[in-house]
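Since the structure comes first, as structure tokens, the remarks are kept for the end.
The values are calculated or read from the model by the stated rules, or taken from the named source; none is laboratory data. None of these values were measured; they are calculated from a predicted model. Note that each Cβ is placed from the backbone with ideal geometry, even for glycine, and that neighbours are counted across all protein chains shown.
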Amino acid sequence: MSVSLITTHVLDTAKGAPAAGVPVLIEFLESEENWREIGSGITDLDGRIKNLLQQDFKLRKGEYRITFKTEAYFSKLQVKGFYPLVQVIFRVENPESHYHVPLLLSPYGYSTYRGS
């Protein structure tokens, strides 16, 4: 099984460990306000999803949105978080490149960046 061209990794900075069990959805902006689901998954024990995109999806230029369902993750830990979900919108300019979108997460904050 090959790794998709868009991957993610979630780290729980409050625990200092990978965030396993975070439901994640990825969408592509087809038109002005029409997002189409192109993949989903749940982070593994290392906080990663290596095959986020549907097998038949061909990466193309445009805007993508990843939604991390953080409330589901924190609920399992019996932690009350401030953000029920985190959405990251980013632009793909080169469909041949790999795009890694990590999320650093805590109950009251988060950050993201383009990883490698």
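Scanning segment 72-84 for residues that are modelled with pLDDT of 95 or more and buried (at least 16 other Cβ atoms within 10 Å of the Cβ) returns TYR73, PHE74, TYR83. Of GLU27, GLU71, all but one fail to be among the charged types (D, E, K, R), touching a residue at least 12 places away in the same chain (Cβ under 8 Å) and in contact with a strand residue (DSSP E or B) (Cβ under 6 Å, 6 or more places away or on another chain); the exception is GLU27.
Here segment 74-105 is the region considered, the condition is being in contact with a strand residue (DSSP E or B) (Cβ under 7 Å, 6 or more places away or on another chain) and of a type in the set (Ser, Thr, Tyr), and the residue that is nearest to ASP12 (Cα to Cα) is TYR83.
Identify, please: which residue in segment 93-108 is under 17 Å from LEU29 (Cα atoms) and free of Cβ contacts under 8 Å to residues at least 60 places away in the same chain and is, among those, surrounded by the fewest Cβ atoms within 10 Å (Cβ to Cβ)? So, considering only residues that are under 17 Å from LEU29 (Cα atoms) and free of Cβ contacts under 8 Å to residues at least 60 places away in the same chain, the one surrounded by the fewest Cβ atoms within 10 Å (Cβ to Cβ) is GLU93.
Just give me the residues in segment 45-68 being hydrophobic (A, V, I, L, M, F, W, C) and at pLDDT 95 or above, in sequence order. Working first, answer last.
If we filter segment 45-68 for residues that are hydrophobic (A, V, I, L, M, F, W, C), which is where we start, we get 45, 49, 52-53, 57, 59, 66, 68.
LEU45, ILE66, PHE68 - these are the residues of segment 45-68 that are hydrophobic (A, V, I, L, M, F, W, C) and at pLDDT 95 or above.
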